[in-house]
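Since the structure comes first, as structure tokens, the remarks are kept for the end.
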Amino acid sequence: MALRTDQGIVLRSYPFGESHRVVILVSAARGKIRTVAKGVRKTKSRFGGRLEPLTHVEVVLYEGRDLDTITQVDVIEAYPNLRMDLDAVAIAATMAEVVDHVAHEEEPSSALFLSLRRGLVALEAGERGPDVLSRFLLGVTDSLGLAPSFDSCASCGSPDVHKFSFPAGGAVCESCAPGGAVRLRDGVLDHLAAVRVGDEADERTAGEALGVLRRFVEYHLEKRFSSMAVPT
Ligand SMILES: [Zn+2]
């Protein structure tokens with residue numbers, strides 16, 4: 001039994017026993033961390049709002065056999081502006097849901113953690129619209145080794161791409177296109193390629209680009225994200 005300090009972003013929490021809560025965090029060093037905050041339901045003030053979802057915290061944990069117990073919480077970043085805007089909250093909730101699904105316990109996930117933190121920082125700074133979520137999802141696919149191709153055929157590398165295929169891994173040329181490959185509107189692939197490298201992208205294709213990326217992620221993770229709203 002020992003005390004340990006960890007840093008992470010709260011993904012969600014749920015009631016545990018009569019008065020405790022299980023709090024799930026994602027950390028860079030240890031992936032998903034399941035902890036228990038004791039007595040928080042009776043004495044709400046003990047940790048205050050410091051364990052609200054999407055709060056970046058430093059916690060001191062008392063290591064237990066199954067769950068580690070939180071003994072101390074310090075807020076690193078609470079993202080107060082984000083919380084006052086329903087659109088931002090919806091986008092952030094989607095990010096948390098995706099991270100919760102793909103992060104694992106005892107598996108370092110610094111790329112995933114950084115994608116989430118970068119997304120929250122952008123929302124906190126007032127950035128809105130589909131590209132915030134697209135950039136986050138591209139970071140997630142990257143961290144999972146699932147990064148879709150946009151400017152060359154995922155099968156043969158040809159730059160002459162006309163269609164997009166979820167199972168093939170992104171853009172495909174005419175001769176490699178498997179059944180079910182779809183033709184995207186002009187500019188959608190360019191849009192995603194620009195978002196990936198942080199370039200300016202055409203606003204008119206932002207919603208469609210996010211829609212394609214969302215379905216790509218859902219296909220490969222075999223999961224529909226309930227909160228995956230397409231912001232406008
Ligand atoms: Zn090809």
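For region 85-221, the Cβ-based charge dipole about the Cα centre amounts to some 320 debye (Lys, Arg positive; Asp, Glu negative; other atoms uncharged). Considering only C-alpha atoms, what is the centroid distance from region 153-202 to region 3-72, in Å? Taking the Cα centre of each part, region 153-202 and region 3-72 sit 41 Å apart. Taking Cα centre as origin and charging only the Cβ of basic (Lys, Arg, +1) and acidic (Asp, Glu, -1) residues, the dipole magnitude of the chain rounds to 1000 debye.
Annotation: amide H of Phe150 within the under-5 Å range of Ala171, sequence separation 5 or more or interchain, hydrogens built in the peptide plane.
Leaving out ligands and nucleic acids, note down the accessible area per residue over region 85-221 with a 1.4 angstrom probe, in whole Å².
46 Å²
When the chain is described by a simple charge dipole with +1 on each Lys and Arg Cβ and -1 on each Asp and Glu Cβ, the residue from Gly170, Leu67, Pro159 located farthest towards its positive end is Leu67. Around the Cα centre of region 3-80, unit charges on the Cβ atoms of Lys, Arg, Asp and Glu (plus for the first two, minus for the last two) sum to a dipole of about 300 debye. Computed from Cα positions, the angle between helix 110-124 and the longest principal axis of the chain comes to roughly 90 degrees.
May I ask you to work out the translational diffusion coefficient for region 79-232 at 25 °C, viscosity 0.890 mPa s, via Stokes-Einstein with Rh from the Kirkwood sum over Cα pairs, reported in whole µm²/s? Diffusion coefficient, whole number: 155 µm²/s.
I'm checking a number: the convex hull volume of the Cα atoms of region 3-80, normalised per residue, in Å³. What is it?
80 Å³
The values are calculated or read from the model by the stated rules, or taken from the named source; none is laboratory data. Note that the coordinates shown come from a computational prediction; the quantities given were computed from them, not determined experimentally. Virtual Cβ from ideal backbone geometry, glycine too; neighbours counted across all protein chains shown. Only protein heavy atoms, including side chains, enter the accessible area calculation; ligands, DNA and RNA are left aside. Shrake-Rupley method; radii C 1.70, N 1.55, O 1.52, S 1.80 Å.
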